[in-house]
Amino acid sequence: MSAADPTATSNTGGLKRGLRWRPGDTLFRSVTGLAALASGVLILGIAYTVFRDAWPAFHTFGFGFIGHAVWDPVRNVFGARDFLVGTLISSFFAIVLGAPIAIAIALYLTEIAPRYLRGPIAMLVELIASIPSVVLGLWGLLVLGPILDKHIEPWLHDHLGFIPLFGGSPSQVGMLNAIVILTIMVVPIITSITRDLLVRIPGELRDGALALGLTDWETIRGVVIPYAGPGIAAATILGLGRALGEAIAVAQVIGSSTGIHVSLFHAADTLAGRIANEYFGAASKLQLDSLIGLGAILLVITLLANLGAQVIVLRAERRGVL
């Protein structure tokens with residue numbers, strides 16, 4: 001290599017500058033690394049605190065606390081079964097209703113809607129997510145509850161009353177009201193994530209499908225949805241986690257009743273709702289520990305849901321789908 005070669009001199013100088021210690025880069029790496037570490041430490045700290053304070057309830061009632069039905073503060077007997085079932089039922093039906101609506105909105109925004117409508121509609125959907133849950137709960141009490149009681153539930157009972165889910169007497173508060181509120185809350189989350197996934201689909205796939213003579217619907221069904229399917233499934237699970245953990249809005253509209261009822265018209269309760277209603281009014285130390293035990297159960301369920309979403313995303317990335 002010639003010493004007079006200006007390129008060689010320039011590359012050598014650049015290499016030396018690249019190896020030089022830069023305080024700004026070191027500080028940036030340290031701050032970002034600590035931030036990432038702090039998130040893990042925070043999760044572990046929360047889990048440790050919850051399980052530590054919940055242990056007296058599990059020690060007193062055993063792991064049968066999860067399947068025990070009685071919740072009686074007077075006799076100091078507590079069980080989580082009714083609230084666990086209420087949480088699973090309300091979240092399940094919220095996802096069954098909300099996921100198709102959210103996916104349909106995302107498909108409309110990315111595949112069908114004119115460009116001048118995409119921005120305003122997307123903004124309106126995201127604004128729903130910004131509504132405080134307590135405000136949604138109030139709306140559920142003042143507006144949605146009377147509509148369900150006077151119109152929707154009587155119609156469902158008259159036409160579908162042979163199905164146990166729609167039996168019983170209409171009511172302004174109950175499981176159906178909570179399901180509708182949770183549906184409204186999960187739709188913006190699933191829509192936003194699904195829309196981002198659909199936007200990332202290579203345009204060549206759509207163009208190729210259309211060039212082969214496929215219609216818009218056939219392209220969506222055969223190309224777009226299969227390509228983004230794992231991501232949509234992960235978005236749905238994240239929406240499920242949101243529904244599982246909602247407390248205030250659900251507590252306002254579900255009726256706070258114990259017992260397992262087949263009818264969606266009947267009052268019920270959830271893990272988060274029971275904690276929100278009784279924590280500050282707990283009459284004994286054991287009741288307080290039992291409420292924290294409900295929180296421990298809820299924490300495990302939501303963490304498993306989020307881990308499931310992460311696993312789906314990682315598998316999709318390894319296959320090159322996302």
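The values are calculated or read from the model by the stated rules, or taken from the named source; none is laboratory data. Since we're looking at a predicted model, the values are computed, not measured. No Cβ is skipped: glycine too gets one built from the backbone with ideal geometry, and neighbour counts run over all protein chains shown.
Quick notes on this structure:
- From the options 20, 52, residue that is without any contact (Cβ under 8 Å) to a residue 40 or more places away in the chain, surrounded by 10 or more Cβ atoms within 10 Å (Cβ to Cβ) and either of a type outside the set (Ser, Thr, Tyr) or under 20 Å from residue 285 (Cα atoms) (or both): 52
- Within the stretch 235-264, tally of residues that are surrounded by fewer than 24 Cβ atoms within 10 Å (Cβ to Cβ), touching a Ser or Thr at 6+ places or on another chain (Cβ under 6 Å) and closer than 22 Å to residue 143 by Cβ: 1
- Every residue from the stretch 203-219 that is loosely packed, with under 13 Cβ neighbours inside 10 Å and not in a helix (DSSP H, G or I): 212, 213, 215
- Verdict on residue 60 being farther than 30 Å from residue 223 by Cα, part of a helix (DSSP H, G or I) and over 24 Å from the mean Cα position of the chain (by Cα): yes
- Residue count, the stretch 113-138 (criterion: within 21 Å of residue 235 (Cα to Cα), in contact (Cβ under 8 Å) with a residue 40 or more places away in the chain and of a type in the set (Val, Ile, Thr)): 2
- Qualifying residue in the stretch 179-202 (condition: at pLDDT 90 or above, crowded, with 19+ Cβ neighbours inside 10 Å and either on the phi > 0 side of the Ramachandran plot or more than 22 Å from the chain's Cα centre (by Cα) (or both)): no
- Options 262, 253: the member that is within 15 Å of residue 180 (Cβ to Cβ) and aliphatic (A, V, I, L, M): 253
- Just one of (1) surrounded by fewer than 12 Cβ atoms within 10 Å (Cβ to Cβ); (2) more than 19 Å from residue 304 (Cβ to Cβ); (3) of a type outside the set (A, V, I, L, M) fails for residue 61. It is (1).
- When 264, 303, 294, 299 are checked against the criterion of being part of a loop (DSSP other than H, G, I, E, B) and either under 22 Å from the mean Cα position of the chain (by Cα) or free of Cβ contacts under 8 Å to residues at least 12 places away in the same chain (or both), a single residue qualifies: 264.
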